[in-house]
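Here the structure is laid out as structure tokens; the discussion comes afterwards.
The values are calculated or read from the model by the stated rules, or taken from the named source; none is laboratory data. Keep in mind the model is a prediction, meaning the values are calculated, not measured. So basically every Cβ, Gly included, is an ideal-geometry build from the backbone, and we count neighbours across all protein chains shown. With ligands, DNA and RNA removed, areas are computed over all heavy atoms of the protein, side chains included. Shrake-Rupley method; radii C 1.70, N 1.55, O 1.52, S 1.80 Å.
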Amino acid sequence: MIKNISVIKGDGIGPEVIKQTIKVLNSIAIKYGHDFHYKNALAGSKAIEKFGSPMPEETINNCLKSDAVLFGCIGDPKYDHNPIGMRPEDGLLKLRKKMNLYCNIRPIFVFPELYRSPIKKELLNEVDFVIYRELTGGIYFGKKGRCKNGEKAYDYCIYSKTEIEKIGEKAFKAALLRKKKVTLVDKANVLETSRLWREVIQKISLDYPDIDLDFLYIDNASMQIIMNPKRFDIILTDNMFGDILSDESSVLTGSLGLLPSASIGDYKSMFEPIHGSYPQAKGKNIANPLGCILSGSMMLEYFGMYKEKNLLDEAVKNSIEKKICTPDIINSKLSSTTEEVGNYIKNYIINQ
Ligand code: IPM
Ligand code: MN
């Protein structure tokens with residue numbers, strides 16, 4: 001199969017983790033006779049410097065024309081105080097919106113060989129859930145601004161029935177292939193948008209009699225993720241709550257650096273690790289490439305390349321079993337570099 005992939009390396013450790021991911025994807029391509037064409041595009045701080053915008057039109061067009069986007073990470077402390085729309089993060093939000101990537105999928109899993117969490121081990125066996133986070137609406141995209149001479153600020157949270165239905169359908173379909181449970185996380189005891197979410201999701205659930213639907217308020221859900229993470233299968237939630245719960249959930253796995261994500265729209269898709277640009281680690285060859293590599297694996301699945309995805313996942317699992325790991329997930333005296341982890345996984349694939 002031929003696939004055109006837009007690649008946004010981004011800031012900080014982005015270029016390093018992308019480099020390993022492409023290396024690994026190329027080994028899959030060789031093994032299975034695929035042709036992956038990569039086209040680099042600028043976003044984040046480099047795009048601000050070159051084009052005066054964190055998400056130039058050229059990049060958006062490049063991404064819209066591709067079969068999928070592979071995204072490293074963006075964010076640079078140098079631009080944290082830029083005006084609205086000019087921060088590197090604004091570039092990411094703009095791309096999500098322009099590509100209509102309304103469904104963000106964040107799997108949370110624990111490698112049994114790797115116990116790095118501050119949470120008790122017995123609570124973590126068999127943790128395996130997926131966050132379905134709405135990604136192009138809610139408080140992130142509502143009208144925002146200042147009034148009263150800058151002394152008051154507002155961010156509107158708005159959701160339409162259609163927005164909720166679209167991600168809701170995807171979450172229920174995913175649950176059918178898993179443990180058949182959807183938990184809607186909201187704040188329906190306070191927020192009107194949450195009450196609309198409940199109405200819409202309850203209605204969708206009538207079409208899925210095999211799926212067990214339950215509801216949790218965000219405050220309670222935050223507690224349950226730590227106290228009883230095994231209770232979850234699919235967590236369905238809005239943009240803001242999903243952002244917060246995904247970082248919290250990463251604590252179960254032991255490192256934010258391990259976790260991948262897929263952002264899916266009706267026609268377009270993007271794959272990116274959950275972690276940020278980690279500027280302190282830039283250029284040190286210590287960043288964990290697994291979040292990005294596993295995002296590549298989600299991309300293979302999206303392409304319908306299931307055997308390929310399984311082999312890549314197996315290679316990652318093997319690297320962890322053999323303790324070929326970056327210092328965020330292993331004692332730093334025994335750790336491997338970003339490059340060594342990438343090479344190990346590549347070689348595992350080639351030698352299968
Ligand atoms: C994420 C990130 C982004 C978000 C930031 C960088 C805008 O935290 O993907 O979780 O809040 O969505
Ligand atoms: Mn986040």
Legend entry - Rounded accessible area per residue of region 1-63, 1.4 Å, Å²: 41 Å²
Inset, instruction - Would you mind computing, in nm to one decimal, how far apart the modelled labels at K203 and E58 are, each placed 7 Å from Cα along Cα→Cβ? - result: 4.6 nm
Legend entry - Rg/Rg_globular for the chain, with Rg_globular taken as 2.2 N^0.38 Å and Rg from C-alpha atoms: 0.98
Legend entry - Under the Karplus curve 6.51 cos²θ - 1.76 cosθ + 1.60, θ = phi - 60°, whole-Hz ³J(HN,Hα) for region 306-312, x wherever Gly or Pro sits: 6, 4, 5, 4, 4, 5, 4
Inset, instruction - Convert each backbone phi in region 153-164 into a coupling constant with the Karplus relation 6.51 cos²θ - 1.76 cosθ + 1.60 (shift: θ = phi - 60°), then list the ³J(HN,Hα) values in order as whole Hz, x for Gly and Pro. - result: 10, 9, 9, 7, 10, 10, 9, 9, 4, 4, 4, 5
Inset, instruction - Quick one: which residues, 5 or more positions from V7 or on another chain, have an amide H under 5 Å from its amide H? H modelled 1.01 Å from N in the peptide plane, none for Pro or chain starts. - result: K39, N40, A41, L70
Inset, instruction - Kindly write out, for region 213-225 in residue order, the coupling ³J(HN,Hα) from the Karplus curve 6.51 cos²θ - 1.76 cosθ + 1.60 (θ = phi - 60°), rounded to whole Hz, with x marking Gly and Pro. - result: 9, 9, 10, 9, 6, 4, 5, 5, 4, 4, 6, 5, 4
Inset, instruction - Quick one: give the max-minus-min coordinate of the C-alpha atoms of region 138-260 along each principal axis, largest first, in Å. - result: 53, 36, 26
Legend entry - Placed amide H near D128: partners under 5 Å, 5+ positions off or other chain: none
Inset, instruction - Rounding to the nearest 20 debye, state how big the charge dipole of the chain is about its Cα centre with +1 on each Lys and Arg Cβ and -1 on each Asp and Glu Cβ. - result: 420 debye
Inset, instruction - With label points built 7 Å along Cα→Cβ from the Cα atoms of N82 and N149, find their separation and express it in nm. - result: 3.1 nm
Legend entry - Per DSSP, loop trypsin sites (Lys or Arg not before Pro) in region 83-172 with at most 12 further Cβ within 10 Å: K120, K143, K148
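Rolling a 1.4 angstrom probe over the protein heavy atoms, how many square angstrom per residue are accessible across region 223-276?
Per residue, region 223-276 has an accessible area of 28 Å².
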Legend entry - region 91-235: relative contact order in percent, alpha carbon pairs under 8 Å with at least 6 residues between: 26 percent
Legend entry - Stretch gain in nm, segment F109-M1, where the contour uses 0.36 nm per residue and the Cα spacing is subtracted: 35.9 nm
Legend entry - Percent accessible area from carbon and sulfur atoms, the chain, protein chains only, probe 1.4 Å: 53 percent
Inset, instruction - Let me have the relative contact order for the chain, percent, based on Cα pairs under 8 Å that are six or more residues apart. - result: 22 percent
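When the Kirkwood hydrodynamic radius is evaluated over all pairs of different C-alpha atoms of region 22-139, what value in angstrom, to one decimal, is obtained?
Hydrodynamic radius (Kirkwood, Cα only) of region 22-139 equals 17.2 Å.
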Inset, instruction - On a C-alpha basis, how far is the centre of region 257-330 from the centre of region 166-208 in Å? Whole number, if you could? - result: 28 Å
